[in-house]
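Peer 1: Right, I'll just put the structure down here and ask away after.
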Amino acid sequence: MAFCPLKAFLRGGAPRLSSPRPALGSLVHGRVCNLAFRAASRPSRARAVATACVAAPATELRTGKPKREEVMNGSPENNVSDYIYEKMGMDLHRQPSHPIGIIKQAIYDFFEARNPGMFKTFDDRYPIVTTRANFDEVLVPADHISRSPNDTYYVDASTVLRCHTSAHQAETLRSGQPAFLVTGDVYRRDSIDATHYPVFHQMEGVRVFSEPEWVAAGVPGAQLAEKDLKDALEGLAKHLFGEVECRWIDAYFPFTEPSFELEIFFKGKWLEVLGCGVMEQVILDGNYKPGHKAWAFGLGLERLAMVLFDVPDIRLFWSNDDRFLKQFRAGDLSARFKPYSKFPSCYKDMAFWVSPQFSENNLCELVRNIGGDLVEEVTCIDTFTNKKTGKTSNCYRIVYRSMERSLTDEEINALQDDVRKQVAEVLKVELR
């Protein structure tokens, strides 16, 4: 599963540093994760599982990169930009010497060593999925905010760019696979900073158990699934990070019961690394076979790679600069990023009265479409509301910095002028 779905564990960024107490994930990357499925907003189990009771019909599994006309199709609901389309098919997770590919293969190797021949791996699943696969089949409530086009890239009203590799869970179960790892690029409209990017990589893991297995173990099926899950993931954490201390935090996700978050004590701090749990029975019964139990986990590859390899900026993963790429080689988990010359940054501030069309995600999407990876960060540095008019003003700071060269004043000014023009025209704000 893509745990703490669609806002926290879907992130491509650095893992959360835990508070001294066993926090449940309320903070992600230093800010409130208001879309996580917290215990305080837990829906009833009946409501949570209702949408997955009827399995979808079997469909042919597609692979590869979509054609532009399949993604940029002119649908009124379409909100995919050229910037996003150009990232599709780059397949960082399929490049053996890239940090993302190194992490992926290390996880594959661990599960193959632990259970030889058991896990089937998939890393080329088609990134366009139905809203049913992306949301309904993993029990995301129909009214959940993650379905909003403010957060999700819609191709049309019924298809999206997958928000998580969990979008392939039900279809893989329907194909009869009892144990699998699915890796792929996933897409989320998001903020701009060193730990967030609109395209990142996830891995989904699932293992199904049959009744003879838990009878032989002498324990109930759910208990066997939970024990094997925790043993496997603690082993994975130590495979990647060495002999680290692990702890389990009770959590809530709509697609597993019970649910957990795994934290490790690494470099003097508790670090949240993934979410997992025993799969909701309705998902398993509707898409595999009745009379089985299963576990599932979801993790972000950038999340792990940034910590393990000391990578400070998520944009580096998309760089073609040999000074970055040549620091890593296939199969080597010992590499640590050595910074090279950091080119100077330039920031521009922009203040405006907000409009109904404005949201921070919409602003970041617009800025990213204009400035691309030259934009390092977009941050709200001031906000106030006029007591007489009721209008709210925000001031945003846009930081420009290239990973590969010095930017000129002329090109930065041209980018900022375009940003100001588009913000006024598209988001209908009133510049100040």
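The values are calculated or read from the model by the stated rules, or taken from the named source; none is laboratory data. As the structure is a computational prediction, the values presented were derived from the model and not from experiment. Cβ sites come from the backbone with ideal geometry, for glycine too, and all protein chains shown count toward neighbours. Just so you know, the surface numbers come from the protein's heavy atoms only, side chains and all, with ligands and any DNA or RNA stripped out. Shrake-Rupley method; radii C 1.70, N 1.55, O 1.52, S 1.80 Å.
Peer 1: Probe radius 1.4 Å, ligands and nucleic acids ignored: give me the carbon and sulfur share of the accessible area of the range 68-326 as a rounded percent.
Peer 2: 51
Peer 1: Using amide H atoms built in the peptide plane, which far-off residues or other-chain residues are under 5 Å from Thr159 H to H?
Peer 2: Under 5 Å from the amide H of Thr159 lie the amide H atoms of Thr131, each far enough along the sequence or on another chain.
Peer 1: Using packing as a proxy for protection, rank 109-121, 265-277 so that the peptide with the highest average count of other Cβ atoms within 10 Å comes first.
Peer 2: Numbers: 109-121: 13.9, 265-277: 19.5.
The most tightly packed comes first, giving 265-277, 109-121.
Peer 1: Below 30 Å, Cα to Cα, which lysines can Lys348 reach? Residues fewer than 8 away in the same chain don't count.
Peer 2: Lys7, Lys87, Lys338, Lys387, Lys388, Lys391, Lys421, Lys428
Peer 1: Output ³J(HN,Hα) for the range 271-280: one whole-Hz value per residue in order, computed from phi by the Karplus curve 6.51 cos²θ - 1.76 cosθ + 1.60 with θ = phi - 60°, and x for Gly and Pro.
Peer 2: 10, 7, 10, 6, x, 6, x, 7, 4, 4
Peer 1: Show me, for the range 347-354, the HN-Hα J-couplings you get by feeding each phi into the Karplus relation (A = 6.51, B = -1.76, C = 1.60, θ = phi - 60°), rounded to Hz, glycine and proline as x.
Peer 2: 10, 10, 9, 9, 10, 7, 7, 6
Peer 1: Sticking with the crude label model, points 7 Å out along Cα→Cβ, report the distance from Glu245 to Asn115 in nm, one decimal please.
Peer 2: Rounded to a tenth, the inter-label distance reads 3.0 nm.
Peer 1: Using the per-residue mean of other Cβ atoms lying within 10 Å as a proxy for protection, in what order, highest first, do the peptides 339-352, 150-163 fall?
Peer 2: For the peptides 339-352, 150-163, the packing ranking is 150-163, 339-352.
Peer 1: Identify, among Gly221, Phe297, Phe265, the residue whose Cα sits farthest towards the positive end of the charge dipole of the chain, taking +1 on the Cβ of Lys and Arg and -1 on the Cβ of Asp and Glu, with the dipole about the Cα centre.
Peer 2: Farthest towards the positive pole: Phe265.
Peer 1: Inverting the mean 1/r over all pairs of different Cα atoms, compute the Kirkwood radius of the range 159-310 and quote it in Å.
Peer 2: 16.5
Peer 1: Averaging the inverse of every distinct alpha carbon separation and then flipping it gives the Kirkwood radius. What is it for the range 273-432, in angstrom units?
Peer 2: Hydrodynamic radius (Kirkwood, Cα only) of the range 273-432 equals 19.5 Å.
Peer 1: Enumerate the calculated ³J(HN,Hα) couplings along the range 129-144 in order (Karplus 6.51 cos²θ - 1.76 cosθ + 1.60, θ = phi - 60°), each rounded to whole Hz, writing x wherever the residue is Gly or Pro.
Peer 2: Listing the rounded values in order: 9, 6, 5, 4, 5, 6, 10, 4, 6, 10, 6, 6, x, 4, 9, 6 Hz.
Peer 1: With +1 on each Lys and Arg Cβ and -1 on each Asp and Glu Cβ, how big is the dipole of the range 313-387 about its Cα centre, in debye rounded to the nearest 20? Could the numbers behind the result be given before it?
Peer 2: Values: 10 positive and 11 negative charges, 61 e Å.
Here the range 313-387 has a charge dipole of around 300 debye.
Peer 1: Then there's this: With a 10 Å radius around each residue's Cβ, average the other Cβ atoms per peptide and rank 402-415, 241-254, 280-293, highest first.
Peer 2: Ranked by mean Cβ neighbours within 10 Å, highest first: 280-293, 241-254, 402-415.
Peer 1: Treat each spin label as a single point 7 Å out from the Cα along the C-beta direction, and report the Arg94 to Thr408 distance in nm.
Peer 2: 3.9
Peer 1: Turning to a different aspect of this structure: Determine the calculated [θ] at 222 nm for the chain from helices alone, applying -39500 (n - 2.57) to every DSSP H run no shorter than 4 residues and normalising by the residue count; nearest 500 deg cm²/dmol. Let's see the in-between values first.
Peer 2: Working: 13 runs with 118 residues, N = 432.
Dividing the helical sum by the residues of the chain leaves -7500 deg cm²/dmol.
Peer 1: What per residue convex hull volume, in Å³, do the alpha-carbon atoms of the range 68-326 yield? Before the final figure, lay out the partial values.
Peer 2: Values: hull volume 35.5 nm³, N = 259.
So the per-residue Cα hull volume is 137 Å³.
Peer 1: Which of Ser97, Phe200, Val278 sits farthest toward the positive end of the charge dipole of the range 68-326, with +1 on the Cβ of Lys and Arg and -1 on the Cβ of Asp and Glu?
Peer 2: Sorting the options by dipole projection puts first Ser97.
Peer 1: Continuing with this model, one more query. Write down the radius of gyration of the range 304-358 and its Dmax, each obtained from C-alpha positions, in Å.
Peer 2: Gyration radius and largest Cα-Cα distance of the range 304-358: 17.2, 52 Å.
Peer 1: Another question, then. Taking only protein heavy atoms and a 1.4 Å probe, what accessible area per residue, in Å², does the chain have with all protein chains in place?
Peer 2: Spelled out: the 1.4 Å probe surface of the chain, per residue, equals 41 Å².
Peer 1: If you place +1 on the Cβ of every Lys and Arg, -1 on the Cβ of every Asp and Glu, and leave all else neutral, what size is the dipole of the chain about its Cα centre, to the nearest 20 Debye? Don't jump to the answer; show the numbers that get you there.
Peer 2: Details: 54 positive and 57 negative charges, 149 e Å.
So the magnitude is around 720 debye.
Peer 1: Next up: Just how large is the dipole of the range 68-326 about the Cα centre, in debye to the nearest 20, putting +1 at every Lys and Arg Cβ and -1 at every Asp and Glu Cβ?
Peer 2: 360
Peer 1: Just need the Rg to Rh number for the chain, please, alpha carbons only, Kirkwood Rh.
Peer 2: Result for the chain is an Rg/Rh of 0.97.
Peer 1: Then there's this: Based on the Kirkwood radius over alpha-carbon pairs, what is the Stokes-Einstein translational diffusion coefficient of the range 337-409 at 10 °C with 1.306 mPa s viscosity, in µm²/s? Show your work: numbers first, answer last.
Peer 2: Details: Rh = 14.0 Å.
Translational D for this selection: 114 µm²/s.
Peer 1: Now a separate question. What is the distance, in nm, between label points placed 7 Å from the Cα along the Cα-to-Cβ direction at Ala142 and at Asp231?
Peer 2: Result: 4.2 nm between the two label points.
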